[in-house]
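Single-structure report; data block below.
The values are calculated or read from the model by the stated rules, or taken from the named source; none is laboratory data. The structure displayed is predicted, hence computed values, not measured ones. Glycine also receives a Cβ, built like all others from the backbone with ideal geometry; neighbour counts cover every protein chain displayed.
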Ligand SMILES: [Zn+2]
């Protein structure tokens, strides 16, 4: 038997099993679970409720193209609701122009969103989703304006704007 190979295998196997144990709890779910039982819908039920684009974002944690959403420039007074279950998530007076091309907010309505860490781009990012239906909304960063310093970078297709 090739000595080099056997030594490499000897090192590789324990390393792999350590990595596996380490990464297992951090697996990213396709979407977050709903906190309310009545919003734990099947894939088919969600597909029938949503457009394919909104389904991709809300249920598969997709991201829309920057500057593609009309809501990016929405400056009227109103409330931004979850496009999945209609829960109010953000008030228009907490919206700001981040220049990123996605509707951005510095604070959500209390209790309306929940966060989890994802590793889709290798670097950990904080994902947030609707606290009722679990639908993915966007990611939150620490470079937002005061008073919170947070930037909730939201997909426009995951929101529905309701004028006051
Ligand atoms: Zn929702």
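Conditions first: (1) in contact with a helix residue (DSSP H, G or I) (Cβ under 6 Å, 6 or more places away or on another chain); (2) more than 14 Å from the ligand (Cβ to nearest atom); (3) farther than 12 Å from residue 159 by Cα. Residue 59 passes all but one, so which condition is the exception? Result: residue 59 passes all but (2). Scanning the range 36-50 for residues that are more than 14 Å from residue 82 (Cα to Cα) and within 15 Å of the ligand (Cβ to nearest atom), we see that the one that is surrounded by the most Cβ atoms within 10 Å (Cβ to Cβ) is 41.
Every condition in (1) over 14 Å from residue 137 (Cβ atoms); (2) part of a loop (DSSP other than H, G, I, E, B) holds for residue 32 except the one numbered (1). Of the residues making up the range 105-122, those that are in contact with a helix residue (DSSP H, G or I) (Cβ under 7 Å, 6 or more places away or on another chain) and either at pLDDT 95 or above or closer than 12 Å to residue 154 by Cβ (or both) number 3.
Scanning the range 73-102 for residues that are touching a helix residue (DSSP H, G or I) at 6+ places or on another chain (Cβ under 8 Å), within 22 Å of residue 116 (Cβ to Cβ) and within 16 Å of the ligand (Cβ to nearest atom) turns up 80, 82, 83, 84, 85. As a summary of the residue check, residue 70 satisfies the conditions (1) away from the ligand (no atom under 16 Å from the Cβ); (2) touching a residue at least 12 places away in the same chain (Cβ under 8 Å); (3) over 21 Å from residue 163 (Cβ atoms) except for the one numbered (3). Each residue in the range 135-164 was checked for being assigned to a strand (DSSP E or B) and surrounded by fewer than 15 Cβ atoms within 10 Å (Cβ to Cβ), and 2 of them qualify.
Residues in the range 53-77 that are outside any loop (DSSP other than H, G, I, E, B) and either closer than 17 Å to residue 151 by Cα or more than 17 Å from the chain's Cα centre (by Cα) (or both): 70, 71, 72, 73. For the range 111-134, a residue qualifies if it is in a strand (DSSP E or B), within 11 Å of the ligand (Cβ to nearest atom) and either touching a residue at least 40 places away in the same chain (Cβ under 8 Å) or surrounded by fewer than 18 Cβ atoms within 10 Å (Cβ to Cβ) (or both), and the qualifying residues are 114, 129, 130.
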